[in-house]
1. Considering the convex hull of the alpha carbon atoms of segment 7-95, report its projected area averaged over all viewing directions, in nm², one decimal.
2. Rounded to whole Hz and in sequence order, give me ³J(HN,Hα) for segment 57-65 from the Karplus expression 6.51 cos²θ - 1.76 cosθ + 1.60, θ = phi - 60°, writing x for Gly and Pro.
3. Check Gly69: other-chain or 5+ apart residues with amide H under 5 Å from its amide H, H built from backbone geometry?
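Derivation of every value follows stated rules applied to the coordinates shown; laboratory data play no part. Here the structure is a predicted model, which means the values were calculated and not measured.
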Amino acid sequence: MGTRGGVMPSFKTNAAEFSDDEVAEVVEYILRLRDQPHDAAIALRGKENFEWCVACHGQDARGNSSVGGSNLLAPRLQYGSARAALFESIAQGRAGVCPSWVEQIDAADIDNLARYLARIGEAVLQLPTLDKK
Ligand code: HEC
């Protein structure tokens, strides 16, 4: 799938500034592409705004793995393909489930982090218990 680390922008707050209606129209267009029940007239209106999506998801909506844009026609979508789920993906955006973090932390960092957490744990145990007044 190659979606690791990719970020799906929020289309209500990015440069596109979609209104709720515009998000709903694009949702309908995706439903149409996915052959799910949809309103054809609304889907048609969403087609134009789908231009915002093609750089990452491709003109055919099948994804662009180089930027992590997922295949929107996959039988099972990561965040769900119901109308409400699609709406949320587009309106709020989605951050990768497994962000590139993991590649940036090496074993030594993980070791240090573990030691640090252990020290905090000890310190907490050594705190005097509060006297009940
Ligand atoms: C900058 C690149 C980019 C643009 C532009 C973009 N997306 Fe995405 N989109 C992504 C990435 C990356 C993911 C996967 C996020 C993840 O895995 O958490 C994603 C995920 C999604 C999902 C969820 C897919 C799933 O499997 O649940 C939907 C729906 C979606 N995008 C729709 C759109 C629509 C519609 C547009 C245009 C309005 C759009 N995207 C524009 C990068 C983009």
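1. About 5.0 nm², averaged over all directions.
2. 9, x, 4, 8, 6, 8, x, 9, 5
3. Asn64
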